[in-house]
1. Structure shown: which of 67/198; 62/139; 198/231 lie over 29 Å apart, alpha-carbon to alpha-carbon?
2. Check residue 9: other-chain or 5+ apart residues with amide H under 5 Å from its amide H, H built from backbone geometry?
3. With +1 assigned to the C-beta of every Lys and Arg and -1 to the C-beta of every Asp and Glu, and no other charges, what is the dipole magnitude of the chain about the Cα centre in debye, to the nearest 20?
4. Between helix 97-112 and the chain, what is the angle of the helix's C-alpha long axis to the longest principal axis, kept within 0 to 90° and rounded to the nearest 10?
5. Taking the chain as a Gaussian network, Cα atoms linked when under 10 Å apart, which of 82, 24, 114 shows the biggest mean-square fluctuation?
6. For the chain, modelled as a Gaussian network with Cα springs under 10 Å, which listed residue fluctuates most, 42, 31, 186?
7. For a quick check: with amide H placed at 1.01 Å from N, whose amide H comes under 5 Å from residue 89's, ignoring anything fewer than 5 positions away on the same chain?
8. Going toward the positive end of the dipole of the chain, with +1 on Lys and Arg Cβ and -1 on Asp and Glu Cβ, which of 1, 66, 215 do you reach last?
Amino acid sequence: MVSFPHCKINLGLSILDRRGDGYHNLQSIFIPVNWCDALEIIPAEKDELFLYNTTLDVPPEKNICLKAVQLLRRKKDFPFVHIHLIKIIPVGAGLGGGSSNGAHTLLMLNEMFHLGFSMEQLSEFALELGSDCPFFLQKIPMWVEGRGEKLEKVFFEFKNCSIAVVFPQIHIETKFAFRLLEENRIGKTGNVFFNKEKVLKNQIEDWKNVLHNDFEDVIFPLYPEIESLKKYFFDQGATFASMSGSGSSVY
């Protein structure tokens, strides 16, 4: 079976308080984007991962696709598999490519081996893999809260509108970005998020007045070329521009 895990961009991203479980509460609107990896899963004599088009040196046991296999196998037994993953979505770009790979692995295994898990169950499993994973089980815009488990469908109509996403060849670890944000906020109050309804009702032209990505506050001073990329978009007539997730991609 073959699928094409897509990525996402964030319309606004507010990082709120740190939770008791170590994660942060967040609020954002996630928009699916047709920039995809290629993922193939086939029955085999043992579980094995084959990575293509990436120079990342990640131990197989730490790859989210194999973690998804092991997680599901703890719930129900099914044959061993070979996973072939062609990476197209940049890593460390704030686009959720890894999370999408994990979520699609769950979906594919559930369908391939008729495991019978409901979407609600798959969402619970996906959250065990990563905070962004539940979103990638469906390909629709979502309002996201909590650590990523609270999802609400939202409607966007991008008429006469195109989205350009640029990866500036800068790899930013999510944990590193969160640590920077926490250090920057010592003694300060976390940002208050925009009004969701206001964003949904406003024209795209007005988003720059109501949308903000909190990570820009700490990533831009460290990587001014990312801020310059956002400014370049506006200089070239973009209706809206922002960094996605914890960076480094800008759309």
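1. 67/198
2. Here the answer is 31, 33, since their amide H atoms fall under 5 Å of that of residue 9.
3. The calculation lands at about 300 debye.
4. 30
5. Among 82, 24, 114, the largest mean-square fluctuation in the Gaussian network model of the chain belongs to 114.
6. Of 42, 31, 186, the most mobile in the Gaussian network model is 186.
7. Under 5 Å from the amide H of residue 89: 37.
8. Of the candidates, 215 comes out farthest on the positive side.
Rule-based calculations on the coordinates, nothing more; no lab input. Remember, predicted model here, so these are calculated numbers, not experimental data. When we count neighbours, we look across all protein chains shown, and the Cβ atoms used for this are built from the backbone with ideal geometry, even at glycine.
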